[in-house]
1. Report the per residue volume, in Å³, of the convex hull enclosing the C-alpha atoms of the stretch 85-201.
2. Going highest first, how would you order 295-301, 77-83 by mean Cβ packing within 10 Å?
3. With θ taken as phi - 60° and the coefficients 6.51, -1.76 and 1.60, list the Karplus ³J(HN,Hα) couplings across the stretch 105-122 in order, rounded to whole Hz; mark glycine and proline as x.
4. Place a point 7 Å from Cα of Ile355 in the direction of its Cβ. Which residues in the stretch 296-321 have their backbone N less than 11 Å from it?
5. Let me spell out the model: positive unit charges on the Cβ of Lys and Arg, negative unit charges on the Cβ of Asp and Glu, origin at the Cα centre of the stretch 2-160. What dipole size does that give, in debye rounded to 20?
6. Could you work out how much longer the chain between Glu144 and Lys295 gets when fully extended? Use 0.36 nm per residue separation minus the Cα distance between them, nm to one decimal.
7. Taking amide H positions as placed in the peptide plane 1.01 Å from N, state which residues far from Ile525 in sequence (5 or more) or on other chains have amide H under 5 Å from it.
8. Taking θ = phi - 60°, what integer Hz values does the Karplus form 6.51 cos²θ - 1.76 cosθ + 1.60 yield along the stretch 256-265, in sequence order, with x for Gly and Pro?
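Readers should treat all values here as calculations from the given coordinates under stated rules, not as data from a laboratory. Just so you know, these numbers come straight off a predicted model, no measurement behind them. Because the Cβ atoms are built from the backbone with ideal geometry, glycine has one as well, and the counts that use them run over all protein chains shown.
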Amino acid sequence: MSRKLFWQIFPSYLILIVIGILLISLFSIRILKNTYYSQKRDFLEKTVISLINIIPEKVSGDQESFQDFCETASRNTGIRITIIRSDGLVLGDSDQNPELMDNHNEREEISEAFQYGTGYSERYSTTLAKNMMYTSSSFMISGEKAVLRCAAPIEMIEIGLFGIYRRIILVSVLFLCILSVITVFIARSLTRPILQLQTAANRYKTGDLSYIPYVDKPAEAQSLAVSLRSMAEELNQRLEVITEQRNELEAMLSSMVEAVIVLDETLKITRLNPAAVQLTGAADPENNSNYLLGKNLIEVFRNSELHDFAQKVFKTNQPLEAEITFYKFSLSISGSEQANGVPENEILYLQAHGIKLPGGSRDNETRGILLVLNDITQLKYLEKIRKDFVANVSHELKTPITSIKGFVETLQQGAIYQKNKADHFLSIINRHTDRLSFIIEDLLSLSRLEQQNRKKSIERSLSCMRGIIAGAVSICSEKIESKKIQVKNNCNKEVYAEVNSLLLEQAFVNLIDNAVKYSEMNGEIIISCEASPDNLLSIRIRDFGKGIPREDLSRIFERFYRVDKARSRELGGTGLGLSIVKHIVLAHEGSVNAESELGKGSTFTLTIPLKKT
């Protein structure tokens, strides 16, 4: 680009200079030639006049005297002298024998001299075989009219001019070289500020807005450089503001738990945050976001409800809200399929908000839409738990209270006087009273555990895990022996942990009691302990009983949740045992989970720190 700019300016200037010098040289040569020819003509004319004035003194009238005069005058002047009579006869010639010369009346300069007194011509001389310049003048001698002609070879004039031409050409070439050098400097001085401004523009184009172009002249380029610097500074400030705002926006979008999706008018994704990418099942939301851009909404999320909602947003100018059911494994499943086996923990409930994005200066122009998806699954889950808890606790309390009230009324109506019936009714009342007492006691235990969890106030001491498990087995020994179940305590005697032994024993009692309840006669329960390198202790209690359905595994630790409600009540459970286990483990800053397969049994794993953190 820089060479192109220079070679556009330099040749143009150089051509103008060459044309100027050429025109001046040709004009000078032309003037010199005309001047030189004019001077030669004047010289010939003056010579003719001078010789005419002395002819009467030098010429006697015979032809020999004319010839002697011409030869003598030619030697003195260095030019050719010829005298011609009025009839065209040559009387004398300094360069040729007059007798051999033809009649000269037809010569242009001779005829003009006889007619007008003087004559002039430039022509080729057949006598001398060269180009000549002729001047002539008529005079009277011995009463007869004659013409005196002086002639000089033109090539002698050209030889004289050639030296002058050569000097003019040398001076022109020298002048051309000097002007060429000056033109180079002029062209560079003109292109240098432009190239500097071009460099600045290229640096600004690549993002280097800190570059400062230095232009000292001319004033126009200097003013343009100042404007460029001001523009770059202003642009840099705006870019910093835009970059800061963009980074803030990216940080906000990345930190948002709500999924944010921006769609164009064809429902193709133009932007989405990591929370939205997670809905697609991508393992690394940060690295997968660019891959999803430009794809259609239904292609990425595979949810017809979300696609229909996006289309509705496009059709209205008002913000819209809707509740959308979403599946973590990104498959569109019908309601009947959901009822036939989609696990609850694979379903997300999303509160969708949609609004149009303005696209330009016109009010009706739309650039796309913005969708914000808020995960309300936990709220739905808590609401379901609340409803289930209210229903379950009402049912659990209402059943024994109704029974007690019914039997008391029966006794009041006279059954108290029938000893056999009275004793039977009182035993039933006693059993339901005990059940109410157990439920209340378990609820109080849960309340105390929740309080201790919030305050982190349980007392701990270094305890042998095998001993705690043995104590729990001893408490359940009557039920274990009644079903002839073999309990294997595989926990090593050397495993110690900082725990609240009473609470942990209660948790083991609840788990072992459940394992016994749901095991068949002559069954087996295996209890094991394993310490991991990351300072965690895992206690596993495994039975080989009926097992728990997969859809119930995520809810068995809820209060009053029963897998088999009728069987649980028959076996005397309150529905709070596993919930108590969960809170005891949480009080120890640990976790509990269950694995089960129908017909093959269940495994409960308690993970707690070996030492208090």
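1. Each residue corresponds to 169 Å³ of Cα convex hull volume.
2. 77-83, 295-301
3. Values per residue, Gly and Pro as x: 5, 7, 5, 4, 5, 6, 5, 5, 5, 5, 8, 10, x, 9, x, 8, 6, 10 Hz.
4. Of the residues in the stretch 296-321, 318-320 have backbone N under 11 Å from the label point off Ile355.
5. Using Cβ point charges on Lys, Arg, Asp and Glu, the stretch 2-160 gives about 1320 debye.
6. Value of the extension gain: 42.2 nm.
7. Under 5 Å from the amide H of Ile525 lie the amide H atoms of Gln486, Val487, Lys488, each far enough along the sequence or on another chain.
8. 6, 7, 7, 7, 10, 10, 10, 10, 8, 5
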